[in-house]
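Undergrad: Structure in structure tokens, see below.
Laboratory data are not the source of any read-out in this text; all were calculated from the coordinates shown. Owing to the predicted nature of the structure, the values given are computational and were not obtained by experimental measurement. Note that we place each Cβ from the backbone using ideal geometry, even for glycine, and neighbour counts take in every protein chain shown.
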Amino acid sequence: MDAFISKKRRRISDVSSPSARTGQQHDHEETTEMKLALLASLHPDITQDTLLEALLSEDGQVDKASDSLADRATSLGPPKRAKTVGHQSTLGNLIRAAGGELLSSRPLTKKGKTLFLYSPKDIETHTPCSIIHNFLPTHEANALLEELLHESKTFEKETFQLFDRTVESPHTMSFYVDSFKEVEEQKTTYVYNGSQIKDIRQTPSKMLSASAKVRQAVNLEIQRRIAQFYPDGKKLRYQDPKEWKPNTAFVNCYDGPKESVGYHSDQLTYLGPRAVIGSLSLGVAREFRVRKIVPRDVNDESEDAGAADSQGQISIHLPHNSLLVMHAEMQETWKHSIAPTTAIDPHPIAGNKRINVTYRYYKPNFHPKFTPKCHCKIPTVLRCVQKKSENLGRYMWMCHASYTPGQKGCTFFKWAEFDDDGEPPWKDIVEQSTGVSKWHV
Ligand SMILES: [Zn+2]
């Protein structure tokens, strides 16, 4: 029970840990895992899939689950020997042990619960992500980590305006493009939260080499996802059927257990609808949490604080040198976060730091010289309707100037239209002005 005890000691102090920027995070990771460990200690001869089933059917109440297990034990034959609860494979093993049917036939997450997933199979089955462990050869991963640790010394916190307050992101970051020409272009034309970002860097050599490998792996993962998970083995509507070609990356640094990012979806403005993102983790392992967005009523103006609480959430373990692919269904219908914690295992090279490279494909058709501008004469932001209405899932172009400190913003709004491959109506104009062959795969 050593794993259980050390886990318990860690988690209890988590309760007082501060919330991230959106105030939407709560620490309740002790629930599922600890309750299972507790049940296992009370019923050492009952298999873990049975323990989990009992816990789920009693809505997470350990005492009731324990009673029902005691009843069952007296009515069943000789008990099977239970496996011990592992530190980092608990629920992954449980789900496999349950044969998939148990969990897929009912909602996977429950109110107030965090479900921990570790194995690639569980992650791709229950979330819109897939993961490749030990992605780069060890020496390459370590060299890339060294390169980015050096870069991260001069990373800064992102500041933005939220209503009438200026807020800082609870971690540091920088933005990278692959050539000097693109650095200059980014500085003058691309707009984030209504203003240009100043710290734009050219992708350093090891990060660029990794990009080629990420590109190859992500394209294979996209094809596998389509074949194995999407209806009729067909790509999603608005998903780009062409090759995914990473050309930019946000690099995040989480220095110590308290650095985090609150629940959010990534902006689609320059990626287009149904975007895919390749996220390479280096250094300290952290928890990546995801939850499905439950559409709320249009008149419900309350912030969706507590949404993770009411639906439960899934935690994906991201160790050093793992590549997580956020697939095409992720940004529109799920939110993700990096939870603050109290305990991390220091990494031999990175110490307390986690470095995260998020490779993205900025598409030529979504260049800000083509996308709609608002009344402030600023290129607009692309959003997806996530509230419950007849417009749920539609895309829109909106002013985002108000997210920049000191700017007011306007009321600009326009529905965004795309063809089935996610191309905007100005696609043909772009192709004429740039030459089709240049963008052809
Ligand atoms: Zn505006």
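Undergrad: Each label point is 7 Å from the Cα along the Cα-to-Cβ direction; what then is the distance between the points at Gln228 and Thr138, in nm?
TA: Taking the two extended label points, one gets 2.7 nm.
Undergrad: Related question: Please compute the length gained on full extension between Cys410 and Lys258, using 0.36 nm multiplied by the number of residues separating them and subtracting their Cα-Cα distance.
TA: 51.2 nm
Undergrad: Note down the net charge around Asn391, summing +1 for each Lys or Arg and -1 for each Asp or Glu among other residues with Cβ under 14 Å from its Cβ.
TA: Details: positive: Arg296, Arg383, Lys387, Lys388, Arg394, Lys414; negative: Asp297, Glu332, Glu390, Glu417.
Result for the neighbourhood of Asn391: +2.
Undergrad: Please give me, ordered by residue number, the trypsin sites (Lys or Arg not before Pro) of the range 181-222 that lie in loop per DSSP and have at most 12 other Cβ atoms within 10 Å.
TA: Taking the range 181-222 and a limit of 12 other Cβ atoms within 10 Å, the loop trypsin sites (Lys or Arg not before Pro) found are Lys198.
Undergrad: How high is the FRET efficiency between Ala212 and Gln61 when r is their beta carbon distance and R₀ equals 45 Å, given to the nearest 0.05? Provide the component values of the computation, followed by the final result.
TA: Numbers: r = 51 Å, r/R0 = 1.14.
After rounding to 0.05, the efficiency reads 0.30.
Undergrad: Right, next: Can you list residues from other chains, or at least 5 along the same chain, whose modelled amide H is less than 5 Å from the amide H of Glu156?
TA: Met173
Undergrad: For the range 53-61, just list the computed ³J(HN,Hα) in residue order, Karplus coefficients 6.51, -1.76 and 1.60, θ = phi - 60°, integers in Hz, with x standing in for Gly and Pro.
TA: For the range 53-61, the Karplus curve yields 4, 4, 5, 5, 6, 9, 6, x, 8 Hz.
Undergrad: Quick one: which residues, 5+ away or cross-chain, put their amide H under 5 Å from the amide H of Thr269? H built at 1.01 Å from N.
TA: Answer set, sorted by chain and number: Leu382.
Undergrad: Let me ask you something else. Please list, in order, the residues from the range 183-219 whose amide nitrogen is less than 18 Å from a point placed 7 Å along the Cα→Cβ vector of Lys373.
TA: Once the point is set 7 Å along Cα→Cβ of Lys373, 185-197 turn out to lie under 18 Å by backbone N, inside the range 183-219.
Undergrad: Okay, moving on. Tell me, what ³J(HN,Hα) does each residue in the range 279-285 have, in order and in whole Hz, if you take phi through Karplus 6.51 cos²θ - 1.76 cosθ + 1.60 with θ = phi - 60° and put x for Gly and Pro?
TA: Using θ = phi - 60°, the values come out as 10, 9, 9, 9, x, 4, 6 Hz.
Undergrad: Ok, one more. Quick one: 3J(HN,Hα) in Hz for the range 261-275, Karplus 6.51/-1.76/1.60 with θ = phi - 60°, rounded, Gly and Pro as x.
TA: Working through the residues one at a time gives 8, x, 4, 7, 10, 7, 5, 9, 2, 9, 9, x, x, 6, 6 Hz.
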